[in-house]
1. When a footprinting reagent is the concern and you count Cβ atoms within 10 Å, what order do 22, 10 take, fewest first?
2. Using only Cα atoms, find the angle between the long axis of helix 45-57 and the longest principal axis of the chain, and express it within 0 to 90 degrees, rounded to the nearest 10.
3. What ranking do 140, 88 get, fewest neighbouring Cβ atoms within 10 angstrom at the top?
4. Divide the volume of the convex hull of the Cα atoms of the chain by its number of residues and quote the answer in cubic angstrom per residue.
5. Computed from the mean reciprocal separation of all distinct C-alpha pairs, what Kirkwood hydrodynamic radius does the range 110-176 have, in Å?
6. Would you calculate a helix-derived [θ] at 222 nm for the chain, using -39,500 (n - 2.57) for each DSSP H run of n ≥ 4 and dividing by the full residue count, to the nearest 500?
7. I need two numbers for the range 12-90: Rg to one decimal and Dmax as a whole number, Cα atoms only, in Å.
8. What's the angle, to the nearest 10 degrees (0 to 90), between helix 95-108's Cα axis and the longest principal axis of the chain?
């Protein structure tokens, strides 16, 4: 007699199934597979991280934040997780948390250009001139270093406007 019992999949197998579904453009299967990976292993870092990204695309940002926080619990030294959580925190109105996690991403990776750029924009929204300019200066430097001409040009343009608006010089904003 044959049974229809499937062998149990490991968390990694569920995770790989989620990756494959993502590549095939099947977001529903992708989400479900990542969730099953977490059911099997609640400490599967990449399943939490990728699930958070998926939720962010829906946008289901509160769920995204929850899974980024779980990923952060598992790898608190990861700049990309801090950065990703900061993006989502900003979207859900957790401004203080967004500042904290952008700063952590930069502390862990001082050359994280997008973190500097986003932190500049968040600082600008609160009219913190010196912080805005400081992080724009860093962003320009890092974007130029990595050859991202589009982002460097954009940051330079914003920098020029902010220097004028806040009546500050680049030299005054080199350090915080």
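1. The fewest-first ordering by Cβ neighbours comes to 10, 22.
2. 70
3. Result, fewest neighbours first: 140, 88.
4. Taking the convex hull of the Cα positions in the chain, it is 126 Å³ per residue.
5. About 11.3 Å, per the Kirkwood formula over Cα pairs.
6. -24000 deg cm²/dmol
7. Answer for the range 12-90, Rg first and Dmax second: 11.6, 33 Å.
8. It is inclined by approximately 90 degrees.
Values quoted throughout were computed directly from the atomic coordinates according to the rules given, and no laboratory measurement underlies them. Everything numeric in this text was worked out from a predicted model, so none of it was measured. A quick note on method: Cβ atoms are made from the backbone with ideal geometry, for glycine too, and the neighbour counts reach across all protein chains shown.
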